[in-house]
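Quick notes on the structure that follows.
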Amino acid sequence: MFRLDGKVALITGSTRGLGWAMAQAMVGVGAHVVVNGRTEQAVWAKAAELSLGTGRSSGIAFDVADLSAATAAVETVVERHGAIDILVNNAGIQHRSPLADFEQHEWDRVMGVNLDAPFALARAAAVHMMGAGGGRIINTGSVMGQIARPTIPAYVASKSAIAGLTRALAVELAPHGITVNAIGPGYVATEMNTPLVNDAAFNQMVIDRTPAARWGRPHEIAAAAVFLASDEASYVNGQVLLVDGGMSIAL
Ligand code: GCO
């Protein structure tokens, strides 16, 4: 169960953090993973590391915010590997600022990466998945698609919209054997959150507000991605699978 043998998976933002954990997990259960990041150097270094012993990894460098490059990259993946069976829209950014100081261009930048790119990539991948008779689209959402905190309006809005986009694509693509779901990580100790982990008061707040009383681990998010990508999740459609240690359901 939960094998991905023979599947081609494109994971955006997979040179580090949650994406890298997902890449390792999916290669570990048989997938060929196409690593993505913005720079050739990082992409090929991680692809080479991932290929060790399996040969089941390659790379493609593009900035997801460049929607034409992102769309073209999907075509390149299909040309190179014959298919795109799994798309993980994982690349995401954060911007934290009190509302009065929150610049419009920062809002636009977050929405571009976190929402516009997942839409464009899903649209491009779905065409090929429909032709192949099925596929998996997994969006990295967030617990912040369900709850919120001050100073991160663009991130909360983008992740809330990802939940809606996931449902919209799920209903349209399900008849084609394509499932579309999202993963909603809670507070995970990734590079994006280093400032929070290093802030003693914030760190304690996370521990106090999380029933599991700890930060999440990247491999715990990756396991959810493997499940949603697997044949065993063929009847899961339009869901946000929260992996948050219980934070979203606790007072
Ligand atoms: C923050 C954090 C959060 C979480 C994210 C996990 O600034 O509060 O970045 O947004 O890390 O929600 O999905």
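The values are calculated or read from the model by the stated rules, or taken from the named source; none is laboratory data. Here the structure is a predicted model, which means the values were calculated and not measured. Counting neighbours? That spans all protein chains shown, and the Cβs are built from the backbone with ideal geometry, glycine included.
Report yes if A233 is small (G, A, S) and more than 15 Å from the ligand (Cβ to nearest atom), otherwise no. Here the answer is yes, as A233 does meet what is asked. Among residues of the range 19-46 that are surrounded by fewer than 21 Cβ atoms within 10 Å (Cβ to Cβ), those with a beta-carbon under 6 Å from a residue that is basic (K, R) at least six positions away or on a different chain give the pairs V29/R3; G30/R3.
For the range 177-194, a tally of residues being surrounded by fewer than 15 Cβ atoms within 10 Å (Cβ to Cβ) and at pLDDT 95 or above returns 1.
Note on the range 163-211: residues that are over 17 Å from N89 (Cα atoms), among the polar types (S, T, N, Q) and part of a helix (DSSP H, G or I) total 4. Taken over the range 55-77, the residue count meeting the criterion of being surrounded by fewer than 19 Cβ atoms within 10 Å (Cβ to Cβ) and either free of Cβ contacts under 8 Å to residues at least 12 places away in the same chain or β-branched (V, I, T) (or both) is 7. Residue count for the range 229-251 under the criterion of being of a type in the set (D, E, K, R) and either surrounded by fewer than 19 Cβ atoms within 10 Å (Cβ to Cβ) or under 17 Å from E172 (Cβ atoms) (or both): the result is 2.
Determine whether A225 is in contact with a strand residue (DSSP E or B) (Cβ under 7 Å, 6 or more places away or on another chain), part of a helix (DSSP H, G or I) and modelled with pLDDT of 95 or more. Judged against the criteria, A225 is a match.
Residue-by-condition table, conditions (1) modelled with pLDDT under 95; (2) in a loop (DSSP other than H, G, I, E, B); (3) more than 16 Å from the ligand (Cβ to nearest atom):
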{"residue": "A47", "(1), (2), (3)": "no, no, yes"}
{"residue": "I60", "(1), (2), (3)": "no, no, yes"}
{"residue": "A65", "(1), (2), (3)": "no, yes, yes"}
{"residue": "S68", "(1), (2), (3)": "no, no, yes"}
{"residue": "A72", "(1), (2), (3)": "no, no, yes"}
{"residue": "T76", "(1), (2), (3)": "no, no, yes"}
{"residue": "E79", "(1), (2), (3)": "no, no, yes"}
{"residue": "L87", "(1), (2), (3)": "no, no, yes"}
{"residue": "S97", "(1), (2), (3)": "no, yes, no"}
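Note on the range 182-208: residues that are more than 18 Å from A148 (Cβ to Cβ) and either without any contact (Cβ under 8 Å) to a residue 40 or more places away in the chain or near the ligand (Cβ under 10 Å from one of its atoms) (or both) total 13. Taken together, V35, V8 contain a single residue that is in contact with a Ser or Thr (Cβ under 6 Å, 6 or more places away or on another chain), β-branched (V, I, T) and closer than 13 Å to I86 by Cα, which is V35. Selection of first residues in the range 237-248 that are more than 14 Å from M144 (Cα to Cα) and of second residues that are within 14 Å of the ligand (Cβ to nearest atom) and assigned to a loop (DSSP other than H, G, I, E, B), restricted to Cβ pairs under 9 Å at least 6 apart or on distinct chains, gives an empty result.
Filter the range 209-221 down to residues that are under 18 Å from I183 (Cβ atoms) and either within 14 Å of the ligand (Cβ to nearest atom) or hydroxyl-bearing (S, T, Y) (or both), then give me how many there are. Number of matching residues: 7. The number of residues in the range 128-159 that are closer than 30 Å to A72 by Cβ and more than 7 Å from the ligand (Cβ to nearest atom) comes to 18.
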